[in-house]
1. Would you call A:I296 within 29 Å of A:K219 (Cα to Cα), assigned by TED's automatic domain parsing to the domain that holds A:E368 and touching an Asp or Glu at 6+ places or on another chain (Cβ under 9 Å)?
2. Quick check on my filter: what residues within the stretch B:9-24 are in contact (Cβ under 8 Å) with a residue 60 or more places away in the chain, at the interface with chain A (Cβ under 10 Å from one of its Cβ atoms) and assigned to a loop (DSSP other than H, G, I, E, B)?
3. Tell me, which strands (runs of 3 or more DSSP E) lie completely within the stretch A:284-394 with 1 or more residues that are of a type outside the set (A, V, I, L, M), more than 14 Å from chain B (Cβ to nearest Cβ) and on the phi < 0 side of the Ramachandran plot?
4. Which of the following residues is part of a loop (DSSP other than H, G, I, E, B), modelled with pLDDT of 95 or more and open to solvent by 10 Å² or more (accessible area, probe 1.4 Å): A:K169, A:K174, A:K186?
5. Restricting to the stretch A:148-166, name every residue that is surrounded by fewer than 20 Cβ atoms within 10 Å (Cβ to Cβ) and either within 16 Å of A:V208 (Cβ to Cβ) or charged (D, E, K, R) (or both).
6. Of the conditions (1) buried (at least 18 other Cβ atoms within 10 Å of the Cβ); (2) modelled with pLDDT of 95 or more, A:A293 satisfies every one except a single condition; which number is it?
7. Just to check your reading of the model, which residue among A:Y338, A:Y277 is modelled with pLDDT of 95 or more, within 30 Å of A:G76 (Cα to Cα), touching a helix residue (DSSP H, G or I) at 6+ places or on another chain (Cβ under 7 Å) and open to solvent by 10 Å² or more (accessible area, probe 1.4 Å)?
8. Got a number for residues in the stretch B:30-43 being at the interface with chain A (Cβ under 9 Å from one of its Cβ atoms) and open to solvent by less than 70 Å² (accessible area, probe 1.4 Å)?
Amino acid sequence: MTAFAHAAMEQLTDLLGKRLLTDQESAERYGVDWTKVWAPSPCAVALPETIDEVQQIVEIANEHGLHLVPSGGRTGLSAGAVAANNELVVAFDRMNKVLDFNEFDRAVTVQPGVVTQQLQEFAEEKGLFYPVDFASAGSSQIGGNIGTNAGGIKVIRYGMTRDWITGLKVVTGKGELLELNKGLIKNATGYDFRHLFIGSEGTLGFVVEATVKLTRQPKDLTCLVLGAPGFREVMKILHAFQQDIDLTAFEFFSDKAMAHVLAHGVPKPFDTECPFYCLLEFEQLSEQVGEQAMAIFEKCVEEGWVLDGVMSQSLQQLDQLWQLRERISESIAPHTPYKNDISVSIAKVPDFVEDVDTVVQDAYPDFEIVWFGHIGDGNMHLNILKPADLAKEDFFAKCNNVSKWVFEIVEKYNGSISAEHGVGMTKKPYLEYSRSPEEIACMKAVKQVFDPNNVMNPGKLFDV
Amino acid sequence: MKVLVPIKRVVDYNVKVRVKADNTGVDLANVKMAMNPFCEIAVEEAVRLKEKGVVTEIVAVSIGPKTAQEQLRTAMALGADRSILVETDEDVQPLGIAKALKAIVDEEKPELVILGKQAIDGDNNQTGQMLAALTGMPQGTFASEVNVADGKVKVTREIDGGLQTVELTLPAVVTTDLRLNEPRYASLPNIMKAKKKPLDTKTAADLGVDLTPRVTTVSVEAPAERQAGIIVGSVDELVEKLKNEAKVI
């Protein structure tokens, strides 16, 4: 440890006492997210309890050239919260309180360490609803959701995290505390920095407080699981339903994904085997909506777009049918899958999927490609399973080629190399496939404004 | 062979129920209702018996409000051939339901009545037994396996400490336990077909039964909230607390 680092650690110990963790176990726990590519190697873990402490940590970092990595639930899939280079992890676990609720604003002010599910449950207690939801809601924290602009399964209806944040308090890389937008709905006073910080992956500053708006609870959610003869038919089904019904979700998955999830013990929806399946969900606000859904289903069958389908008859069945989609990830986990999260505009999805299938299968015919995703918003999760007889290293080496080809196709279709998982370190080398050199230069210039000494999560998103 | 499947409309299993502020009951305003899960299992068993060729007709019946039609439609989408609603706005209780069912049994003369062992709202676990007593039919309760052959039904029952198999002469009453089968989903084509299947509505008066509740609810209260636990620092502290605070040793 250098003399500089020694001095920094001393100041941090004075500030935090026992809330500065330096043991190996904590380092390994707090230094990684769900990507297991980089070995965690932070210098220590700080557990601040107040905004003031966060500011002081940032000041110490600036003084001593210490690098900071923010840490929430660490459920990220792009290594945005990985500390592999002797950084100080700033974990928000202790800043996990709901601070204020206003029933007229239908807004709740929370600290960044509040777990997503905790916020959802708080909203429910108040007879309201926080609609941003995803598989990791039980561990992910609001601060991290904001840092990555988390999306999930209800984006088609409710949008991304960005759409629910009405106010932010952030500590910038200079240690300043900024209060952004103050929970207002209408505020036409120039640059809205709030949206710069949302999705910035902690590279500009750390979120230390957020005001989140809530909405009414959905009424009588009902879902259909439909089988389709092809991908283009899935798109036609989406179009047909969206004409008349406000869908709260539209998910698709391939026959291969279905096979894995059924083998995992989730009950089968129906016997007819189909190349593609979709799950769509809507509120049965009245009997009429149910009738309408049936009429659209009938039309889809007549047109040959749907081969078979079921409809949930209770919330319990709604939950069970959702498992067909939500448990795909864990059902393929034993096959060491390569994962990619990409998006294109909805109309381009079928061509995009076809192109990727062709390119991958031509090069590696023994790779099993499993597709699923939130097709209602153009977001697909590409998964490639490791053939059992291929060594892990060889598989991932080949997958690096796949990444490049996939991103070339993403670029061709004007899509995004990361729809909802962020860039972090895993996608940093590919940013240029989605962002122009001019844009990236602007991003770096913005970073310079808020974090001139590059102490905030350096090495993520892009290299300065 | 005709089978009768009584079903009940209850608060959806996934709804977190709340007690009304005046403690008169559970708040049912704007709450999602669904078919009782044990009834789903009963319907599924009847449908499987029909698919095996044992049963020729499935009649679903429900005693409850007009809206219970939804659950009867679901039963028909799952495979029931027709259904009967005994419409009432009374807060019906097991004895009343059993009497109504007896009247239906007298009319329909099914050889088998399959129903859930209990409904998840009242958790009474009485209707099947009362129906058996009123009709004089033999009963096989808590079924985890049902085999019908040669005018008899063999029912494997889940009892404390193991399984018991009883053989009943038809007609008989069977109540279903959780592990009897895994109910299927209602397919959309069948939901559409179910709309055209017959649904007869009757009243208690038609059947000549009195559905007036015999039991009065005095008060409904939510279970007491559990206190959060604490972590003690040492064995000594634990012993001290057990002795002086909990006073259990």
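1. Working: within 29 Å of A:K219 (Cα to Cα): yes; assigned by TED's automatic domain parsing to the domain that holds A:E368: no; touching an Asp or Glu at 6+ places or on another chain (Cβ under 9 Å): yes.
No: the conditions fail for A:I296.
2. Listed by number, the list holds a single entry, B:Y13.
3. Of the strands (runs of 3 or more DSSP E) lying wholly inside the stretch A:284-394, those with at least 1 residues that are of a type outside the set (A, V, I, L, M), more than 14 Å from chain B (Cβ to nearest Cβ) and on the phi < 0 side of the Ramachandran plot span A:338-343, A:368-374, A:379-385.
4. Of the residues listed, the single one that is part of a loop (DSSP other than H, G, I, E, B), modelled with pLDDT of 95 or more and open to solvent by 10 Å² or more (accessible area, probe 1.4 Å) is A:K174.
5. A:R157, A:R162, A:D163
6. Answer for A:A293: the failing condition is (2).
7. A:Y277
8. Total satisfying the criteria: 6.
The values are calculated or read from the model by the stated rules, or taken from the named source; none is laboratory data. What you are looking at is a predicted structure, and each value in this text was computed from that prediction instead of being measured. So basically every Cβ, Gly included, is an ideal-geometry build from the backbone, and we count neighbours across all protein chains shown. Each accessible area value is taken on the protein alone, full model and side chains, heavy atoms only, with ligands, DNA and RNA left out. Shrake-Rupley method; radii C 1.70, N 1.55, O 1.52, S 1.80 Å.
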